[in-house]
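**Student:** One structure coming up, written as structure tokens, with questions to follow.
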Amino acid sequence: MSTRKFAADKLLWETLGRWKRSSPELDRIQFLKTVPFFDRLSNRQLKRVSDIMFERTYEADETIFEEGQPGAALFLILDGKVAIEIYRETSTTRLAVLETGAFFGEMALLDDTARSANARALERTRALALYRNDLNEFVHRHPKTACQIYHSLAGMIGDRLRLTNELVQMKTPADMA
Amino acid sequence: MSNGQDFEEKERERKVRRTVFYRIFAGLVLMVGGFLIWKLSGLILPIIVGALLAFVFRPVKDRFRIRWLPHELQVLCSFAAIGLALFFAFNTLRKHIPDEEQKLEFKVRLQYKLNERYRQLVAKLPERKSNAVTPLIEKEVGPLMDRVNQALALDPKERDLFLKYAAGYNGKPPGQSKFVDYFWANQRTGKYVIPEKTPMSPAPAVAPVGVAPTPAPPASEGASLENKLSAWMLAPLIFIFLGFDNGQIRRFFISLVPNRYFELSLTVLDELDDAIGRYLRGTLLECFLVGLALTLGLILLGIPLGIAVAIGVVSGLLNAIPFLGTVIALVIGVGYALIAENVTPLIPGLNPNDLALYVLILVVIVHVLDDVVFQPFVLGSAANVHPLVVVIAIISGSLIMGLWGMLFAIPTVVVVKTAVATFFKELKDYRII
């Protein structure tokens, strides 16, 4: 094999390798690794989760979901900013502004109770959505992976409950006074 | 103009452009889709059947999971098992579908047996001459028998063909001499009721002179059959390729949905999938149970296994057509019972001569069993459609697509009903309407 042909082949394989390493699928798996929700999952498991996720792009000021609508999916922000807000007749309360890597709407993974707040993209935002029934189906197809996701979800809800309790306890003496 | 206003103006223009583009694109898709449906109408039915089979058998594919086997191989294995079962069922059925010779033989046997039974019924024995029932039967049933004889009688071409087959024709051995005797007996059978001559009786129809019948050229028939067969080759292909799908088709359609309807469309698709799947799989199971019950009943009545399975498969499949399915099962079952010979029922005490009556009772029992046990147990209230809608749907289906239309009429009604109900419910839940 001539040196020139060898160099050409090397270049081709390197290009292919780079192309494969930077495929959207791998990027997505790399991203999922950084999300605490999926930190217990292996690459193989993350690939399976990634396969059942939907990627959506929201323009600035576009509503992702509205308060009172039945929840069906959890959203993960790939890039962009999302505001979680509550609209009342006279005012709007902004509860949080979420950025890349954050997730919201996680209660929808448990049941279809109404959304408790509005989610609105503050700028052009790409998000991954995990649909509840797909995760339910995962329980039958890949029980171990599904269990780990539910475990993370339970832990996170527990943390929030503890935080709420602490807030209530902090607020109660002041209210009584 | 400030930068902000300029941006807003550009965004507005972009929105208008987008709307116009989407509308033109949707119009084009509709036109091309309509043209393709019109031109490729022969492919629609095989595609629907293949897709329905893939949909109905999806749980089998999902249950069949071996960790170390790649997805494609798992799908192939599960579909090979389903394909083998279907092939076995249809092969058994095909063996018992009569060919040209058997059809002629069947007509001759049926005509002979019916006449024999009629003659037994009204046999003019001396002690029955004074019986008032006999003339009544002759008066009422006689014309009916004449019409049956007229319908079953072989035309000159069929007669020639029957006699050729009886002597051995087209590489087939000579037929049973018993059936030739039946044939000659049928030829000797006269009319039971002689029509009275009326002065106003119309003149016999005269065939128009010079107008020769124009039978369809056999070559075009062959080509049409070939076309149909090649179109039906699509059904298993669609069945297999949809089986390989791991949710990609759903993801593609969901990706086309605007963000506002994203969660709504996921929920609607899922609920539809669930409701329609339950109905279709329930109907299939119900048809299977009806076919099984009929087959077992016929075996108990002494009908040979192959024929019992064939009647069971046909009746089970046609059971998907409400009302008419039972009637067709009755006609097939009683038709066979009338020509069956040397039948020994497995249930002691049954008279083989009354086989038709037993088949009638069996079909009624299976029908009641279907109404009381199978349908409520398997389908529940999934197919809660008004009987009038059922009748109209079946007639409309038969007008549009013949037997296939009748078969698909009720599933279509149920699918549309479920789709509309689910869609409106979810639109309200999501506060879109």
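The values are calculated or read from the model by the stated rules, or taken from the named source; none is laboratory data. Keep in mind it's a predicted model, so treat the numbers as computed, not measured. We place every Cβ from the backbone using ideal geometry, glycine too, and count neighbours over all the protein chains shown.
**Student:** Among the residues of region B:273-308, what is the count of those that are under 27 Å from residue B:338 (Cβ atoms) and modelled with pLDDT under 85?
**Tutor:** 4
**Student:** Right, something else. If I ask for residues that are touching a residue at least 24 places away in the same chain (Cβ under 8 Å) and crowded, with 16+ Cβ neighbours inside 10 Å, which ones from region B:345-356 would you list?
**Tutor:** Listed by number, the residues that qualify are B:345, B:350, B:355.
**Student:** Then there is this: If residue B:239 passes every condition in (1) surrounded by fewer than 17 Cβ atoms within 10 Å (Cβ to Cβ); (2) part of a helix (DSSP H, G or I); (3) modelled with pLDDT under 90 but one, which one does it miss?
**Tutor:** Answer for residue B:239: the failing condition is (1).
**Student:** Ok, one more. Which residues, counting only those in region B:251-278, are more than 9 Å from chain A (Cβ to nearest Cβ), hydroxyl-bearing (Ser, Thr, Tyr) and free of Cβ contacts under 8 Å to residues at least 60 places away in the same chain?
**Tutor:** B:265
**Student:** Of all residues in region A:138-171, which are part of a helix (DSSP H, G or I), within 20 Å of residue B:64 (Cα to Cα) and touching a residue at least 12 places away in the same chain (Cβ under 8 Å)?
**Tutor:** A:138, A:144, A:145
**Student:** Looking at A:153, A:167, which is the one that is more than 21 Å from residue A:33 (Cα to Cα) and at pLDDT below 90?
**Tutor:** Of A:153, A:167, the one residue that is more than 21 Å from residue A:33 (Cα to Cα) and at pLDDT below 90 is A:167.
**Student:** So residue B:422 fits all but one of (1) within 14 Å of another protein chain (Cβ to nearest Cβ); (2) out of contact with any Leu (no Cβ under 6 Å at 6 or more places or on another chain); (3) of a type in the set (S, T, N, Q); what number is the exception?
**Tutor:** (2)
**Student:** Name the residues in region B:257-267 that are surrounded by fewer than 19 Cβ atoms within 10 Å (Cβ to Cβ) and part of a helix (DSSP H, G or I), would you?
**Tutor:** If the condition is that a residue be surrounded by fewer than 19 Cβ atoms within 10 Å (Cβ to Cβ) and part of a helix (DSSP H, G or I), then B:259, B:260, B:261 are the ones that fit.
**Student:** Has region A:82-90 got at least one residue that is within 27 Å of residue B:11 (Cβ to Cβ) and touching a residue at least 40 places away in the same chain (Cβ under 8 Å)?
**Tutor:** Yes, region A:82-90 contains a residue that is within 27 Å of residue B:11 (Cβ to Cβ) and touching a residue at least 40 places away in the same chain (Cβ under 8 Å).
**Student:** Next question, about the same structure. Checking the condition assigned to a helix (DSSP H, G or I) and within 24 Å of the chain's Cα centre (by Cα), which residue from B:32, B:16, B:20, B:60 passes?
**Tutor:** Within the list B:32, B:16, B:20, B:60, the selection yields B:60.
**Student:** If you go through region A:56-76 one residue at a time, how many are under 23 Å from residue A:146 (Cβ atoms) and more than 8 Å from chain B (Cβ to nearest Cβ)?
**Tutor:** Count: 3.
**Student:** If you don't mind, there's one more thing I want to ask. Anything in region B:311-344 that is surrounded by fewer than 17 Cβ atoms within 10 Å (Cβ to Cβ) and in a loop (DSSP other than H, G, I, E, B)? List them, or say none.
**Tutor:** B:323, B:341, B:342, B:343, B:344
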